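**Student:** Quick one: structure below, then a few questions.
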Amino acid sequence: MSFILKYKSIDEKRDLPNDDYTIKDLLNDMDLSPQTIVSKQNGDLVIEDTIINDGDEIQLVQIIYGG
């Protein structure tokens, strides 16, 4: 089972480590802060507790702060 990850220059297929792998698990594995990332699953905005399913496309978008 696998999913597609898109983040900045990353566009790759990744294996799902378990059946209840979530967006939060992915962010932790990548050392990314959930406060600075917007997550999309198959084009829809999702929360951190969303489970990633086989064949999903997960897009992570970095939020830019400034003033």
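**Student:** Within the range 4-33, work out how many residues are of a type outside the set (S, T, N, Q) and farther than 15 Å from Ile51 by Cα.
**Tutor:** Of the residues in that region, 10 qualify.
**Student:** If you go through the range 2-36, how many residues are surrounded by 14 or more Cβ atoms within 10 Å (Cβ to Cβ), of a type in the set (A, V, I, L, M) and part of a loop (DSSP other than H, G, I, E, B)?
**Tutor:** 2
**Student:** Let me ask something else. Would you point out which residue out of Ile64, Ile51, Ile37, Ile58 is among the β-branched types (Val, Ile, Thr), at pLDDT 95 or above and over 17 Å from Phe3 (Cα atoms)?
**Tutor:** When all the criteria are applied, what remains is Ile37.
**Student:** Those residues that are surrounded by fewer than 11 Cβ atoms within 10 Å (Cβ to Cβ) and part of a loop (DSSP other than H, G, I, E, B), I need them from the range 37-67; list them, please.
**Tutor:** Result: Gly43, Asp49, Asp54, Ile63, Ile64, Tyr65, Gly66, Gly67.
**Student:** List pairs: first residue in the range 27-43 and of a type in the set (Val, Ile, Thr), second residue surrounded by 12 or more Cβ atoms within 10 Å (Cβ to Cβ) and assigned to a helix (DSSP H, G or I) anywhere in the structure, Cβ distance under 7 angstrom, at least six positions apart or on different chains.
**Tutor:** Close Cβ pairs (under 7 Å, with a partner that is surrounded by 12 or more Cβ atoms within 10 Å (Cβ to Cβ) and assigned to a helix (DSSP H, G or I)) amount to Ile37/Leu27.
The values are calculated or read from the model by the stated rules, or taken from the named source; none is laboratory data. Given the structure is predicted, the values throughout are model-derived calculations rather than measurements. Cβ: placed from backbone, ideal geometry, glycine included. Neighbour counts: every protein chain shown.
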